[in-house]
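First up is the structure itself, then whatever we jot down about it.
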Amino acid sequence: MSALADAQALTSGEVVEFRGETSITVALADLKETLKKCHAEQGYELLLDISSVDHFGEEPRFEMVYELATLDDSKHLRVKAKAAEDEDVPTVSDIWLTANWHEREVYDMMGIKFAGHPQMERILMWEGFPYFPLRKDFPLAGKESEMPEVAFSGVAPLEGGPFVTSPGSTRENGEPRAKGES
């Protein structure tokens, strides 16, 4: 059975196939049950990634994206669900253990909480950091911090450093090299 056939069997919602990739969109209320079926009935043993998209200015604001695959890598499926800013997304860490860190990263960077997660805390930023850096309303220059040595927003540390590249060069001769080398 193909990923497209799996998708059509899983949902009556939107199924899209584009450039050989199959995506389904389900309601947030149906997300966990759909992902359980993907694992138990359709053979998607691997959870490759969980990510989120910030549709700032739209409602619902966020979209969850789950990338699934079979062990033999013969099928890939993308499962999407939209979530409002104040909605919790159900955890899938009880289906795939790898979801634990993926969900913590989504929480840390976007502020989306996962209901039932065994350890819903930051994984990249320090505890107490009041912002979510991948949200579209987070300023590109960063925000002031009480820990400037950790969260600086000045010049990149390697800018003007010992390595350079040549604009417009090919991949072979454009690799970083020490200044003054040809």
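None of the figures in this text is laboratory data; all of them are computed from the coordinates on show. Computed from a predicted model, the values in this text were never measured in an experiment.
Between their Cα atoms, which of 32/136; 36/113; 113/136 are more than 23 Å away from each other? Among 32/136; 36/113; 113/136, the Cα-Cα distance tops 23 Å for 32/136. Computed from backbone phi with θ = phi - 60° and the Karplus coefficients 6.51, -1.76 and 1.60, the 3J(HN,Hα) list for region 108-116 is 5, 8, 10, x, 7, 8, 10, 5, x Hz; x is used for glycine and proline. Computed over region 48-111, the P(r) tail beyond 18 angstrom holds 37 percent of alpha carbon pairs. Here the 3J(HN,Hα) profile of region 55-64, calculated from phi with Karplus coefficients 6.51, -1.76 and 1.60 at θ = phi - 60°, is 9, 3, x, 10, 10, x, 6, 10, 10, 8 Hz, Gly and Pro shown as x. Full extension of the segment from residue 127 to residue 14, taken as 0.36 nm per residue of separation minus the current Cα-Cα distance, would add 36.9 nm. With bins 10 Å wide beginning at 0, the percent of Cα pairs of region 3-141 falling in each bin runs 12, 42, 33, 12, 1. For residue 75, nonlocal amide neighbours, meaning residues 5 or more places apart or on other chains whose placed amide H falls under 5 Å from its own, are 70.
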